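Input: a single structure, listed below in structure tokens.
The values are calculated or read from the model by the stated rules, or taken from the named source; none is laboratory data. Owing to the predicted nature of the structure, the values given are computational and were not obtained by experimental measurement. Because the Cβ atoms are built from the backbone with ideal geometry, glycine has one as well, and the counts that use them run over all protein chains shown. Note: accessible area is taken over every heavy atom of the protein model, side chains too, but ligands, DNA and RNA are not part of it. Shrake-Rupley method; radii C 1.70, N 1.55, O 1.52, S 1.80 Å.
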Amino acid sequence: MHAHDVTRSAHRYDAIVVGAGLAGVYAVYKLRQIGLSVRVLEAGGGVGGTWYHNRYPGARCDIESLDYSYSFSDELQQEWSWSERYASQPEILRYINHVVDRFDLRPHIQLNTTVVAASYDEEEHVWVFETSTGESYVANYAVMATGVLSVAQVPSMTGLEDYRGRWFHTGDWPEEGVDVAGRRVGVIGTGSSATQLIPLVAEEAGHLYVFQRTPNYTMPAQNHPMKPEVEKDWKANYPERRRFARASGFGHNQVTNHRSGKEVTEEERRAELENRWQLGGLYMMRAFKDILTDAEVNEEAAEFVRNKIRSIVKDPETAEALCPQNLYIGTKRLCSGTHYYETFNRENVSLVSLKDVAIECITASGVQLTDGREYELDVLIFATGFDAMTGAMNRINPRGRGGVTLKEAWAAGPHTYLGLCMADFPNMFVITGPGSPSVFSNMVTSIEQHVEWIADCIQYMRASGYAAVEATFVAQEQWTQHVSEAAGRTLYAKSRNTWFHGANIPGKPVTFMPYVGGVGNYYNKILEVAREGYKGFQFHKVRSVSKV
Ligand code: FAD
Ligand code: NAP
């Protein structure tokens with residue numbers, strides 16, 4: 001069909017939002033507030049994104065819920081009560097559904113609809129979306145809220161199709177749950193998802209085998225029921241807490257120690273590391289201002305955690321196998337769990353280290369290693385991560401100006417201007433895209449910053465009579481260079497075998513994708529760009545191009 005025929009038969013909106021996670025939900029709220037007609041297209045059978053798809057036992061956030069929540073409505077933040085310090089997946093999902101209903105957004109959200117293609121019509125300055133339902137949609141603005149950890153990665157393993165047991169990925173967990181009671185269960189992976197899931201599966205399984213390729217550092221979450229005095233204090237000070245989060249390094253209120261790990265005595269260092277262990281979760285990474293930039297300071301923290309592992313895990317060989325070596329702490333996303341290391345003291349749990357071997361194949365009855373060992377399993381769980389940051393966008397592979405595809409544009413890794421827009425892809429905005437703080441932040445803070453910036457940009461265009469906005473190639477390349485330089489000043493650049501670099505996906509270009517220059521600095525930058533007439537963007541009137 002000719003492009004014009006498609007646009008004639010398609011549903012028309014001012015904006016199409018792809019994805020109904022925390023980003024898509026706020027985007028539809030905000031864009032409707034500024035008067036746009038909006039349709040949200042969501043692949044899943046419900047809203048919630050991450051919190052809809054990742055229903056595995058133990059799934060919860062690792063940023064305090066009072067922080068990991070929307071700030072855009074004071075009534076909402078005052079009236080909603082979180083039951084725990086770190087909310088569980090069911091509670092976050094309830095919260096997102098509550099927001100959708102409270103602000104009457106459900107009628108604008110279309111579920112079970114995957115966007116399979118998107119192309120830019122240069123004459124009309126519109127995006128044309130094709131979906132799995134066969135229906136097409138046309139909109140002036142494409143707001144991509146497709147998520148950066150939304151494409152589950154099941155490694156290609158010979159024999160999986162012949163496996164007679166049941167297998168699952170944590171990021172695509174069935175709504176009805178998985179019965180592991182008394183069963184022989186295998187978990188592949190020891191990242192954040194696995195470390196949350198393993199202790200709970202161990203309580204029910206007959207026997208649990210944990211297949212570990214690279215040990216990571218897991219902090220105790222130190223989760224507990226919400227303390228009424230903490231909730232009261234937050235609610236009394238919400239505006240200030242939210243302002244602080246937006247201006248902070250990581251988009252939240254976790255207390256940072258601004259001293260160097262080198263300017264303190266040995267005793268002070270130990271005390272601070274112990275303090276961080278007791279605070280739990282990600283607090284360890286704020287122990288010293290140079291923990292992620294100075295290899296020696298980092299190693300002090302790493303060894304402190306290794307000693308904790310050795311003190312918790314009774315079998316010395318297992319303890320040693322669980323201790324990460326040659327891995328800067330925090331450069332693979334730090335894990336936060338409850339009773340993770342203690343779980344390896346259970347009789348029904350075995351750690352299978354893949355340090356000197358690999359998984360050869362999946363057999364009809366379980367997992368076989370390259371040294372011939374075989375494990376019979378009734379249930380196999382892949383906690384093997386995601387095609388992060390670029391996976392969902394590349395799957396749609398939008399076609400921009402002159403027919404250029406995103407995969408072509410990102411062949412050497414994602415290039416964006418501010419993590420928000422791409423040259424040759426006019427009127428397309430990505431929420432928390434590569435090149436923005438994204439996964440290096442409290443994502444709700446970053447999502448709100450992006451959605452508000454996008455809404456402001458669209459309002460500016462409408463007020464100025466512009467039909468299209470597009471990042472300039474020069475601005476995009478300068479920003480991408482800056483993203484890479486910012487990472488180069490940290491230890492992240494030295495640990496390249498991580499999903500931050502795309503190294504977990506065979507064939508993916510290895511390049512550090514998020515922006516580590518700090519949420520506050522980044523926020524100032526995007527506000528400054530807007531204030532200066534959207535520096536680095538060019539705007540198109542209906543038939544002419546004007547450089548700004
Ligand atoms: P998502 O929630 O991923 O939503 C994207 C949606 O887009 C999905 O529903 C997907 O189905 C849909 N979609 C994608 N492609 C298409 C398509 N082609 N067509 C239609 N729909 C499509 N971040 C934190 O800051 N703190 C945490 O504690 C934290 N914990 C996490 C725990 C887990 C288990 C995971 C996986 C991630 C966690 N994150 C955390 C990151 C989390 O992804 C973000 O905080 C946030 O939920 C992202 O919201 P989003 O709307 O941007 O993306
Ligand atoms: P992940 O961090 O990418 O971990 C995947 C694990 O699977 C790694 O241990 C990896 O080992 C292993 N693996 C992958 N392929 C393998 C193979 N072929 N053979 C053996 N092992 C293999 O994924 P994730 O745990 O799902 O977490 C992803 C991100 O989501 C997190 O980093 C975090 O940002 C977010 N998350 C947050 C929370 C939270 O606490 N709030 C919970 C879950 C997820 P290698 O390291 O050797 O590659």
Karplus-derived 3J(HN,Hα) from phi for the stretch 121-128 (6.51 cos²θ - 1.76 cosθ + 1.60, θ = phi - 60°), whole Hz, x at Gly and Pro, runs 9, 5, 5, 9, 6, 10, 9, 10
Taking Cα pairs under 8 Å and at least six residues apart, what relative contact order does the stretch 160-382 come out at, in percent? 36
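Test of understanding: what is the full-extension gain from residue 117 to residue 481, defined as 0.36 nm times their sequence separation minus their Cα-Cα distance?
Details: separation 364, 0.36 × 364 = 131.04 nm, distance 2.91 nm.
Between residue 117 and residue 481, full extension yields 128.1 nm more.
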quick note, the chain, DSSP beta bridge pairs, % antiparallel (nearest 5) is 40
Mind checking the stretch 128-209 for GluC sites (Glu not before Pro) that DSSP puts in a loop (not H, G, I, E or B) and that have at most 16 other Cβ atoms within 10 Å? 135, 175, 176
Sparsely packed chymotrypsin sites (Phe, Trp or Tyr not before Pro) within the stretch 309-346, loop by DSSP, other Cβ within 10 Å at most 11: none
Pop a pseudo-label 7 angstrom from the Cα along the beta-carbon direction at both residue 503 and residue 262 and give the gap in nm to one decimal. 2.5
All aspartates and glutamates inside 12 Å of residue 535 as judged from Cα atoms, apart from same-chain residues fewer than 8 positions distant: 470
DSSP loop GluC sites (Glu not before Pro) in the stretch 67-124 with at most 12 other Cβ atoms within 10 Å of their Cβ, which ones? 123
Test of understanding: extend the Cα→C-beta vector of residue 314 to 7 Å, then name every residue of the stretch 342-385 with backbone N under 14 Å from that spot. 342-350
Amide H to amide H under 5 Å from residue 44: which residues, 5+ apart in sequence or cross-chain, H placed 1.01 Å off N in plane? 112, 113
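Take the Cβ-Cβ distance between residue 532 and residue 162 as r, set R0 to 45 Å, and report the resulting FRET efficiency rounded to the nearest 0.05. Mind showing how you got there, number by number?
Values: r = 60 Å, r/R0 = 1.33.
Once rounded, the FRET efficiency stands at 0.15.
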Answer with one residue from 157, 138, 116: the one whose Cα lies farthest towards the positive end of the charge dipole of the stretch 80-158, charges on Cβ with Lys, Arg +1 and Asp, Glu -1. 157
Can you list the lysines whose alpha carbon is less than 26 Å from that of residue 332, not counting same-chain residues fewer than 8 positions off? 262, 289, 308, 314, 355, 407, 494, 508
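For residue 12 and residue 106, FRET efficiency with R0 = 22 Å and r from the beta-carbon atoms, rounded to 0.05?
Numbers: r = 21 Å, r/R0 = 0.94.
About 0.60, to the nearest 0.05.
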Can you tell me the relative contact order of the chain? Whole percent, Cα pairs under 8 Å, sequence separation 6 or more. 19
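Over the stretch 160-382, what is the percentage of antiparallel beta bridges among all DSSP beta bridges, to the nearest 5? Write out the running numbers ahead of the final one.
Numbers: 6 of 27 bridges.
Expressed as a percentage, antiparallel bridges in the stretch 160-382 total about 20.
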At R0 = 41 Å the Cβ-Cβ FRET efficiency linking residue 274 and residue 213, nearest 0.05, sits at 0.85
Listed by chain and number, the residues whose amide H is under 5 Å from that of residue 361, excluding neighbours fewer than 5 places away on the same chain and using placed H, are 368
Enter the accessible area of residue 336 (Å², nearest 10), with the probe set to 1.4 Å and all protein chains included. 10
Give the residues of the stretch 63-77 whose amide nitrogen is closer than 20 Å to a point set 7 Å from the Cα of residue 233 in the direction of its Cβ. 63-69, 77
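Kindly provide the helix-only [θ] at 222 nm of the chain, computed as the sum of -39,500 (n - 2.57) over DSSP H runs of four or more divided by all residues, to the nearest 500 deg cm²/dmol? Please report the intermediate quantities before stating the final value.
Details: 17 runs with 179 residues, N = 548.
The helix contribution divided over the chain gives -10000 deg cm²/dmol.
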Using +1 at the C-beta of Lys and Arg and -1 at the C-beta of Asp and Glu, which of 377, 348, 222 has the Cα lying farthest in the positive direction of the dipole of the stretch 160-382? 222
Give, rounded to the nearest 20 debye, the magnitude of the charge dipole that the chain has about its Cα centre when Lys and Arg contribute +1 at Cβ and Asp and Glu contribute -1 at Cβ. 1000
